[in-house]
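These notes are about the structure you will find just below.
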Amino acid sequence: MWFVYFMHINKLYSVYSNLDYYTGLNRTSLVVNRIEPGLHCKLDSDLRKQANVSQLLSVWKDEYVVFPAKIARLHWDGSRLPDYRRY
């Protein structure tokens, strides 16, 4: 909640990856929650195995960070933001 507020106040945006398109693999991710037991996770090992649904990206290519000149920006509800605002 506080991160979303910080982003809103400072007019920052998050970049979401589309690695499935570039790698051809399903469920590829830059980060994976391994759901380790502790303060915020009290699941047993069988449930943790089922919950880990993404594969960590194992090969990096420079094309992953080539962005178009105009990046689509979305409101919280998924509607498109107009292009006149600063990135």
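Results, tabulated for the structure shown:
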quantity	calculated
Segment S79-K61, length gained on full extension (0.36 nm per residue, minus Cα span)	3.4 nm
Peptides 16-25, 57-66, 70-79 ordered by average Cβ neighbours within 10 Å, highest first	16-25, 57-66, 70-79
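Readers should treat all values here as calculations from the given coordinates under stated rules, not as data from a laboratory. Small disclaimer: the values here were computed from a predicted structure and weren't measured. Glycine gets a Cβ as well: all are built from the backbone with ideal geometry, and neighbour counts include every protein chain shown.
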